[in-house]
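Report on one structure; see the data block that follows.
The values are calculated or read from the model by the stated rules, or taken from the named source; none is laboratory data. Just so you know, these numbers come straight off a predicted model, no measurement behind them. Methodologically, a virtual Cβ is constructed for each residue, glycine included, from the backbone with ideal geometry; neighbour enumeration extends over all protein chains shown.
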Amino acid sequence: MSPMAHRRGATASTSAGWPPIIGSPAGSLLDASAASWAGDAAAAGARGEMRTAEVLATFAARGGPTVIHDLNIPIVGNPGNIDHVVVTGRDVWLVDSKLWLPGTYWTWRGVTRRGRTLFPPADKRFMGFAAAAVSQYLGRLKVSAKVRTPLIVVWPSRRTGRVALWPYRPRDARVVPGPALATTARRLFSGAAADPRVVSALAALARSSPATRNQPNPSSPGFVSAADAGWE
């Protein structure tokens with residue numbers, strides 16, 4: 001599915017007033033790719049997010065799961081973003097997309113390597129941080145929801161070769177090979193209609209204004225600081 005198809009999907013309204021797909025996948029990275037200092041890395045990251053978005057789009061449906069792309073972390077002053085969120089009923093699934101070189105990724109005593117080379121990006125604890133922030137954000141809005149174990153979806157950056165992930169152990173998430181995402185999503189994402197209060201709260205975090213303009217927007221300042229959120 002093309003980026004334009006995702007944008008067209010955002011115009012079809014659900015009974016709760018929200019479309020089944022909210023926001024634009026890779027929006028932040030596509031903006032960053034215009035800058036020379038981030039162009040190559042951002043363009044590569046965008047390819048991974050778009051591939052994940054295409055799979056998730058097949059599960060988004062009016063009266064069923066809702067997919068939201070490119071959300072702000074709900075902590076004031078934190079520039080990070082969440083690539084994708086899937087809402088089924090009151091369950092919230094955070095999804096991070098990666099585009100990695102082919103090779104075997106393996107973790108030993110909390111340190112991950114690609115082959116024999118250290119690969120520090122695989123050991124970041126961002127997803128657990130994001131999940132805790134979203135959970136507390138929803139709690140402050142008094143929205144009942146359960147933030148599930150986040151998913152890290154890894155796609156190979158080349159057409160030849162594969163990414164072997166079976167020995168990789170993320171610290172705060174579950175890893176899913178990109179080619180297996182559809183099968184995994186079919187098991188995890190029920191066909192339950194997304195709770196409109198959960199969708200409304202999370203859609204307010206979407207960075208893509210065209211998809212959320214003129215939609216209900218719960219007023220919440222988020223967290224004032226990392227200490228306020230309980231990280232320090």
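Scan region 185-219 for residues that are exposed (fewer than 15 other Cβ atoms within 10 Å of the Cβ) and either farther than 26 Å from G63 by Cβ or at pLDDT 80 or above (or both) and jot them down.
R186, R187, S190, G191, A192, S219
Output yes when any residue across region 67-87 is among the polar types (S, T, N, Q) and surrounded by 21 or more Cβ atoms within 10 Å (Cβ to Cβ), and no when none is.
Within region 67-87, none of the residues are among the polar types (S, T, N, Q) and surrounded by 21 or more Cβ atoms within 10 Å (Cβ to Cβ).
Starting from region 130-154, take each residue that is free of Cβ contacts under 8 Å to residues at least 60 places away in the same chain and list its partners that are hydroxyl-bearing (S, T, Y), counting only C-beta distances under 7 angstrom and pairs at least six apart or across chains.
Taking only residues 6 or more apart or on different chains, the pairs are V147/S135.
Of all residues in region 126-146, how many are more than 23 Å from W166 (Cα to Cα), surrounded by fewer than 20 Cβ atoms within 10 Å (Cβ to Cβ) and of a type in the set (A, V, I, L, M, F, W, C)?
Number of matching residues: 4.
Check A182 against each of (1) crowded, with 20+ Cβ neighbours inside 10 Å; (2) modelled with pLDDT of 95 or more; (3) small (G, A, S) and name the one condition it does not meet.
(1)
The rows are residues; the columns are (1) of a type outside the set (S, T, N, Q); (2) within 30 Å of P102 (Cα to Cα); (3) outside any loop (DSSP other than H, G, I, E, B).
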position: P121; (1), (2), (3): yes, yes, yes
position: A133; (1), (2), (3): yes, no, yes
position: Q136; (1), (2), (3): no, no, yes
position: G139; (1), (2), (3): yes, no, yes
position: K142; (1), (2), (3): yes, no, no
position: T149; (1), (2), (3): no, yes, no
position: I152; (1), (2), (3): yes, yes, yes
